[in-house]
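Quick notes on the structure that follows.
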Amino acid sequence: MGKPQKVATLLGERQKIEKEIEELQRSCEHRTKSIKSVRERLDSTAMVIRYVCDECLLSIGYPSEKEITKYLKK
Ligand SMILES: [Zn+2]
């Protein structure tokens, strides 16, 4: 398989995976959350600290300065 075909296949797969994640997150009730460091966006490698749903891992809120400090000390 040539490189362009391979990239096209991988991009197609990524789209499928992202759609599946989106559907899981949409159907989730986000009952419990924890502070975690997560990638800011799917296409970014920058890490940010957010409240993340324990079940679907969607970031659903911003912790306060105090909560972040506490998280980083752990
Ligand atoms: Zn959730």
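Quick note: the coordinates plus some simple rules give every number you see, no bench work behind them. Remember, it's a predicted structure, so these values are computed and weren't measured experimentally. Using ideal geometry, Cβ is built from the backbone for each residue, glycine included, and neighbour counts are taken over all protein chains shown.
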Checked segment 38-72 for anything out of contact with any strand residue (DSSP E or B) (no Cβ under 8 Å at 6 or more places or on another chain), of a type in the set (A, V, I, L, M, F, W, C) and within 12 Å of the ligand (Cβ to nearest atom); matches are C56
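One line per residue, one yes/no per condition, for (1) touching a Lys or Arg at 6+ places or on another chain (Cβ under 7 Å); (2) basic (K, R):
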{"position": "R14", "(1), (2)": "no, yes"}
{"position": "E20", "(1), (2)": "no, no"}
{"position": "Q25", "(1), (2)": "no, no"}
{"position": "I35", "(1), (2)": "no, no"}
{"position": "R41", "(1), (2)": "no, yes"}
{"position": "V48", "(1), (2)": "no, no"}
{"position": "S59", "(1), (2)": "yes, no"}
{"position": "T69", "(1), (2)": "no, no"}
{"position": "K73", "(1), (2)": "no, yes"}
When the residues of segment 19-37 are narrowed to those that are within 13 Å of the ligand (Cβ to nearest atom) and of a type in the set (A, V, I, L, M), which ends up nearest to the chain's Cα centre (by Cα)?
I21
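Please indicate, with yes or no, whether at least one residue in segment 33-49 is in contact (Cβ under 8 Å) with a residue 12 or more places away in the chain, touching a Leu at 6+ places or on another chain (Cβ under 7 Å) and surrounded by 10 or more Cβ atoms within 10 Å (Cβ to Cβ). Step through it out loud before you land on a result.
Restricting attention to segment 33-49, the residues satisfying the condition of being in contact (Cβ under 8 Å) with a residue 12 or more places away in the chain are 33-38, 42, 49.
Keeping just the survivors that are touching a Leu at 6+ places or on another chain (Cβ under 7 Å) gives none.
No, that holds for no residue.
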Of the numbered conditions (1) surrounded by 10 or more Cβ atoms within 10 Å (Cβ to Cβ); (2) within 16 Å of the ligand (Cβ to nearest atom), R14 satisfies every one except a single condition; which is it?
(2)
